[in-house]
Amino acid sequence: MTTGDPDTSVDVVVIGAGQAGLSAAYYLQKFGKDPDRGFVVLDRSYGPGGAWQHRWPSLTLDTVNGLHDLPGSSFAEAVDTTDGTVAAAEAVPEYYRAYERQFHLPVRRPVQVIVVCDRGEYLRVETDHGVYAARGIINATGTWEHPFVPWYPGATRFRGRQLHTKDYRTADEFAGEHVLVVGGGISAVQLLDEISRVTDTTWVTRREPAWREEKFSPEIGRAAVALVEDRVRHGLPPGSVVSVTGLPLTPAIRAAHERGVLEHLPIFSEITEHGVRWPDGRQLDVDVILWCTGFRSSLDHLAPLGLRNPGGGITMTGRLATQVAADPRIHLVGYGPSSSTIGANRAGRAAARELVDHLDEQARAR
């Protein structure tokens, strides 16, 4: 698709074309905004799929922790899901590509948003392909571009390799090495299971892993979203939706339990040249540290707007806590309660509805 001409004026710029961004675009169109003149979607990637196109090859339709339909379209109808071994990095982009075409969404790529500034009556969106003047913004940049690695003393001394979940491709690259997997989320467990099949592993977590016996349900998802939503409404850093849903005991994870792979150690206190050390002096030599420690929201391009509180959070309001309390022209979807596929669609709808209503109100007041 073509990129925007410099100084393009639109009502709404949607930044990001993952699930939250496409959902918001769908509802903007449904609520009366014309593609291109009424809104555009700017996506930094070369092709559809959001963060899914970058996931590791072994993450298949059978092993992925939940896929959710986009509004108005069924994943199962758009993509052949009978073969569960198909990589999510192939199936989901195929679905998103079909979705963009089906609803004629004005996605422009690859367009990198560099910075957003307040210019009074409009927001100036500077990109590597021109400048947009927007009356409102729906930011849906997600978290994939901001991997989080916590700091520990001695990290720079380690002579082995340090990688993040984002860097992982295949377990075979670690054959013959001792891999330390750090993190208590679903990605840590999945990668630990895979890597342990080909080499020695050790698992460390900051908290006791929370296993979920029951099948994941909408009720569990809504409860998790509500907890995170409460935090952002009070201006606190959001935390993770997935962190409060628990770890599902799938057949693969039960098998890993039986193999003894999921015996974990508490987090270490220091990194040494050849491994890690605990407060009691215990040491472990490893070749690789794999940080499965999550991501943070990609919001650096919004820094000039001064949205963050002193504690690092952003106070959110609106029906589903997508609206920035300090500036109702700005909605964040994929932040806080909508940071996973559990809440992305509803957040996209709420953001689109509230922003369209706000802009209409502004127009009537002029």
Which residues among region 74-92 fall inside the zone where the amide N is under 20 Å from a point 7 Å beyond the Cα of ARG101, along Cα→Cβ? 74-82, 87-92
Please list, in chain and number order, the residues 5+ apart from THR201 or on another chain whose amide H is under 5 Å from its amide H, with Hs placed from the backbone. VAL179
How far is it, in nm, from the label point at GLU94 to the one at LEU249 when both lie 7 Å from their Cα along the line to the Cβ? 3.4 nm
From the P(r) of region 1-128, can you give the percent of Cα pairs sitting at distances over 20 Å? 46 percent
Protection proxy ranking, peptides 12-18, 255-261, 142-148, average beta carbon neighbours within 10 Å, highest first: 12-18, 142-148, 255-261
If a/c stays under 1.5 just call it rounded; otherwise compare a/b with b/c (prolate if a/b is bigger, oblate if not). Do that for region 42-200, with a ≥ b ≥ c from the square roots of the Cα gyration tensor eigenvalues. oblate
With the Cα gyration tensor of region 270-327 giving a ≥ b ≥ c as the square roots of its eigenvalues, does the rule (a/c under 1.5 for rounded; else a/b larger than b/c for prolate; else oblate) give rounded, prolate or oblate? prolate
Among VAL10, VAL115, rank each residue by its count of other Cβ atoms within 10 Å, from fewest to most, as a rough exposure measure. VAL115, VAL10
Taking θ as phi - 60°, what are the ³J(HN,Hα) couplings along region 266-273 by the Karplus curve (6.51, -1.76, 1.60), each to the nearest whole Hz, with x for Gly and Pro? x, 5, 6, 10, 7, 9, 9, 4
Here the net charge surrounding GLY16, from other residues whose Cβ is less than 9 Å away from its Cβ (Lys, Arg +1; Asp, Glu -1), is 0
Lys and Arg at +1, Asp and Glu at -1: add these up for the other residues within a Cβ distance under 10 Å of ASP43 and post the number. +2
Prolate/oblate/rounded label for region 311-366 (Cα gyration tensor, a/c 1.5): oblate
Dimensions in Å of region 151-197 - Rg and Dmax from alpha carbons: 11.4, 30
When PHE103, PHE174 are ranked with the fewest other C-beta atoms within 10 Å first, the list becomes PHE103, PHE174
Report, by chain and number, residues whose modeled amide H sits under 5 Å from the one on SER45, excluding near sequence neighbours (fewer than 5 apart, same chain). VAL111
So what's the chain giving for Rg/Rh, alpha carbon basis, Kirkwood Rh from the mean inverse pair distance? 0.99
When 1/r is averaged over all different Cα pairs and the result inverted, which Kirkwood radius in Å belongs to region 91-139? 12.6 Å
Just subtract the alpha-carbon distance of GLU258 and ILE114 from 0.36 nm times their residue separation and send over the number in nm, one decimal. 47.0 nm
Against the longest principal axis of the chain, how steep is helix 186-196, in degrees 0 to 90 to the nearest 10, with axes from Cα atoms? 40 degrees
Order by neighbour count: TYR122, TYR168, fewest other Cβ atoms within 10 Å first, most last. TYR122, TYR168
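FYI, it's all coordinate maths here, none of it is from the lab. Keep in mind that this is a model prediction, so the values were computed, not measured. Cβ: placed from backbone, ideal geometry, glycine included. Neighbour counts: every protein chain shown.
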